[in-house]
Amino acid sequence: MTATLRRYGTVVPLVALVLAGAGVLVGARVIPAAGIPFLDKPAPTIALLAVAVGVAALASLAMVHVRVGSGTVGLAWGESAIVILCVLLPAAWIPAATLVGVGLARAIEWLRPPHRDEVSRSVWSTGVLTLAATAGTVAANLLMPTDGQRDLTPRLAVALCLAAAGYAVTGATMISWSVARRHGEAFWPVFLRANGSKLPMVIGNVAVGLAVVALIGMNARWLILLPPALWLLHRAYAYRMRLHDERRNWQTFADATRQLNRLDEKDAASAGIRGALRLFGGGRAQLSVIAPDGEVRGYRGETDGEVVACAPTPDEAPTVGRELVVGGVRVGDLHLWLAHTGGLRPRDRLMFAAYADALAAALHDAATHRELRSMIERSASDLARDPLTGLPNRSAFFSQGDALLRELPSDTPVALLLLDIDEFKDVNDTLGHGAGDELLRITASRLSAELPAGPASGSGTGELLARLDGDEFAVLLPALALVDGHPPELRGVDFPERLSYVMARARALAGGVATPSEVAGVQLSIEASVGVAVAAAGTVDLTELLRRASIAMYQAKRGGSSVAWYEPARDLVSTDRLSLLAEVREALAVDDQLTLAMQPAMRLHGGGVTGVEALVRWRHPRRGDLLPADFVTVVERSELLGEFTRYVLGRALAVAAAWAADGIDVPVAVNLSPRSLLDPTLPAAVAALLVQHDVPPERLVLEITETVVMSELAVIDDVLSALRDMGVRLAVDDFGTGYSSLTFLTRVTVDEVKIDRSFVRRMVESEEVAAIVRTTIELAQGLGLRVVAEGVETAEQRAALTVLGCTSAQGYFFHPPMPPERLRELLLVLDSAKIVNIRQEDAS
């Protein structure tokens, strides 16, 4: 079966003419000079030449056209023709007869209007087939009988098969070379793609040629029976190739539409243009995108080129175009300039319409995601601000402050100033809370004025001012190394050579706040106490720095001065911390001190338990019952964190295993400290505990906080990936309180989102907070995540969460944390059909 291709450059016709001339020259000069006895047959008659030319022309005209990439491959009867010509003509005449016959066929085809502009294709096809006929002739004469007989003997059949093989391989090679050259692809992939389904047709063509030769040898009148059989075989060829073409095109269509699933407009537009060019044989494509705000953006791409931004209006009429509409709203236009003539076939027009609809949906999704991301970022920005003073709040102070500290070189001196208004409660009690709020605004303004050239949230030196809570304000000074224009000499953790500068700044802050001011018609002169803590970056985190500044501030209040600095010798908490660590070590060695309290999460629709959170408690023999806030922070900063984490996980899995024996199949969640994710041995330890207690990995949920996204350490990503790979579920705790919740979800793959109790508590009274909760629920559900609301304490909160589409919640409104034994009794009482297994819920 012969192959021809549309779409050639200006060089290809010249190459084709050279090929045709070479084929004729080999037939007329080289083959006769070889001295093969078979070539001594007498010259053919005019009638025989006419028949041979007609055979070559008919074989070339009867084509089955199939698209390959951006061109069209025509599969003809060339193998049949070369078999017949090798019997009818002497070898020297076959290339010339093929040249005339194929050229005649191309001339007839060229007279049809759709093909008048494809001269280069016709010339190329003629040259390739002439060269292929020459190769087939040379191959046949290796075994061709020398007696000139035309009876189909075994030897003659083998020689004719060689002729067909040489013809087919040469033609396929030249066509594949042309396609690979034009599209810049490797030769062998193109060869296999273009000829992978041709072998059965080549065999069929050879069989037809041999049948004709056999009939000629028997009685030529039998050839009258051949046309119907050839017609049926031609229809079978056409059906097979169209079926193959349909399968390949729809597979390409599926791949192209899959690439459209991008959440960025530019990525979706680039994938849409490249897919259109690949699917429909486009030479150029242009896409205009209409944003929700009405702005129109344009993108343009060409075959084998980059997609670039352009004017949204095409500069010339496209071959085909379509408006992109989603839900009756126009989101853009797709224009395509085809690289081949004739336009799109009806089947391709349907595919183009379906592809345009898929692209419209992808662009709509990208625009929706962009708006959602913008809204979440605005919400996060609003949550990071104190609504009263406009300063960063406590959460933003920790997020931004930790980021500033991480950017500093190790051992760089930093300072934290904590300011508290003295007797602020008296202002509220005497003049009212409105006066207290006014005083806080005045204090924030004066503190902002003390920052060296910058807004309230910071300055050119990176200093950070925030209102932490009530009447407490904090100022972080991360640039002490640049004071006086040169780095200081480091002398211990207190940096005495910097302390004088920091104390001067603290006194200036206290003096600025103490300036008399009128509040609620009353002239007030207030005072403030400032605690100062200085340390080296990398030796403490912001939490510890704030703790030290707080100790210093209370020392200032007790000492009657406005400013005091942190002195380790006077830090009684540090001594108590060491004592508490020793007691934790003792508690880990026994079984009756560290216990678990279990709090269930309830399904809001239909009831039932969706999961249980394990909360650690300490029955201290001397201090009494301690909550996590009393000792977990101390453990997190010590070397005991790994041992403590494994202890709690073991106790939780033991409870899960005992419940499973009673038929209670409910997931158990355990909180993980962010520092635990720095331990590369954690996944192996979790796996060992799961095996020890015979608990399936999916029954364990590890809750992590958003602070892990602030670190770019590879070990955290490796630990999380290992945990997920073994089947352990991940949940993000206190979602929405971090600096960038959206960034967290794009980095860490989790199964569950837990809405922080601060949002749940305020959502009933605040429409803004309710909008944030709704957005969080929709975002999580859009990503296929479970949603659990924390801290539900009233029926109004439960009802509001149900309306917003939340599926699960936990809090004192349902059940408080309770001992595992008591919760076991509760779970057994509940209808077992209402105990929702997390695997079943995810599958639904």
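The values are calculated or read from the model by the stated rules, or taken from the named source; none is laboratory data. Since the model is a prediction, treat every value here as computed from it, not as a measurement. Please note: Cβ atoms are built from the backbone with ideal geometry, for glycine as well, and neighbour counts cover all protein chains shown. SASA here: full protein model, heavy atoms, side chains in, ligands and nucleic acids out. Shrake-Rupley method; radii C 1.70, N 1.55, O 1.52, S 1.80 Å.
At a glance:
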read-out: Sequence-distant residues sharing a close amide H with Met818 (under 5 Å, placed H); value: Met598, Gln599
read-out: Segment 639-702 and segment 158-183: distance between their alpha carbon centers, rounded to Å; value: 65
read-out: Accessible surface of Glu825 - all protein chains present, 1.4 Å probe, nearest 10 Å²; value: 110
read-out: DSSP-loop GluC sites (Glu not before Pro) across segment 262-336, with at most 16 other Cβ within 10 angstrom; value: Glu295, Glu306, Glu316
read-out: Highest to lowest packing among 601-610, 329-338, scored as the average C-beta count within 10 Å; value: 329-338, 601-610
read-out: Cβ-defined net charge surrounding Gly171, 14 Å radius [Lys, Arg +1; Asp, Glu -1]; value: 0
read-out: Sequence ranges 397-404, 794-801, 84-91, ranked by mean other-Cβ count within 10 angstrom, highest first; value: 84-91, 397-404, 794-801
read-out: Accessible area (Å², per residue) of segment 521-640, counting only protein heavy atoms and a probe of 1.4 Å; value: 46
read-out: For Ala537, distant residues with modelled amide H under 5 Å away; value: Asp411, Thr412, Val414
read-out: Carbon + sulfur, % of accessible area of segment 265-344 - ligands and nucleic acids excluded, 1.4 Å; value: 47
read-out: Computed over segment 258-415, the ratio Rg/Rh where both radii use C-alpha atoms and Rh is Kirkwood; value: 1.22
read-out: Sequence-separation-based contact order of segment 284-443, relative, with Cα cut under 8 Å and 6+ spacing, percent; value: 14
read-out: Farthest positive-ward along segment 363-432 dipole, Cα basis, beta-carbon charges - from Met375, Thr430, Phe397; value: Met375
